[in-house]
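For reference, the structure is listed below as structure tokens.
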Amino acid sequence: MAGVIVAVGIDVVLVERFAKALTRTPLLAARLFTDAERVTASGNPRSSESLAARFAAKEAVAKSLGAPGGLHWHDCEVVTDPDGRPWLTTSGTVAAAAAERGIERWHLSLSHDGGIASAMVVAER
């Protein structure tokens, strides 16, 4: 049986503005991203474009959930499979909000070009 789309979320981030925020507030990256999200598979720090896209993904997830209060940034993590494809994992507050809405699966697309990072998520039952 095919899944039913419950919600869609999209967000865009200006990369330069996001990079400046990370520079201005040194602890911001640790607050927004898990240790694994901040580095590539080879252990190198992620680029500003990549981090901005991951931030957009977290915002898109929140939007797809109706932007409820109390979501924790680390409870939504963008992970990358061996082929480089991004996936979402949820835990804690985000998983609970998703369960309340019957969401069982997430689909994610990330992009960054021309100084803009974007993410789209599809929540499926």
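Tabulated data
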| quantity | calculated |
| --- | --- |
| Residue that is open to solvent by 30 Å² or more (accessible area, probe 1.4 Å) and aromatic (Phe, Trp, Tyr), where the choices are TRP106, TRP87 | TRP87 |
| Condition broken by LEU28, with the remaining ones in (1) touching a strand residue (DSSP E or B) at 6+ places or on another chain (Cβ under 9 Å); (2) without any contact (Cβ under 8 Å) to a residue 12 or more places away in the chain satisfied | (1) |
| Pair list, Cβ under 8 Å, 6 or more apart: region 7-22 residue closer than 17 Å to PHE33 by Cβ, other residue hydroxyl-bearing (Ser, Thr, Tyr) and in a strand (DSSP E or B) | ASP11/SER118; VAL13/SER118 |
| Residue in region 56-75 that is within 21 Å of VAL8 (Cβ to Cβ) and touching a Pro at 6+ places or on another chain (Cβ under 6 Å) present | no |
| Qualifying helices (runs of 4 or more DSSP H) (wholly inside region 1-109; at least 3 residues being under 25 Å from ALA123 (Cβ atoms) and at pLDDT 95 or above) | 48-64, 92-100 |
| Residue that is nearest to the chain's Cα centre (by Cα) [pool: residues in region 112-121 that are within 19 Å of SER47 (Cα to Cα) and open to solvent by 60 Å² or more (accessible area, probe 1.4 Å)] | HIS112 |
| Tally, over region 43-59, of residues that are touching a strand residue (DSSP E or B) at 6+ places or on another chain (Cβ under 8 Å) and open to solvent by 20 Å² or more (accessible area, probe 1.4 Å) | 5 |
| Tally, over region 30-55, of residues that are of a type in the set (A, V, I, L, M, F, W, C) and touching a His at 6+ places or on another chain (Cβ under 9 Å) | 4 |
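The values are calculated or read from the model by the stated rules, or taken from the named source; none is laboratory data. None of the values given here were measured: they were computed from a predicted structure. Methodologically, a virtual Cβ is constructed for each residue, glycine included, from the backbone with ideal geometry; neighbour enumeration extends over all protein chains shown. Calculation scope for accessible area: heavy atoms of the full protein, side chains included, ligands and nucleic acids excluded. Shrake-Rupley method; radii C 1.70, N 1.55, O 1.52, S 1.80 Å.
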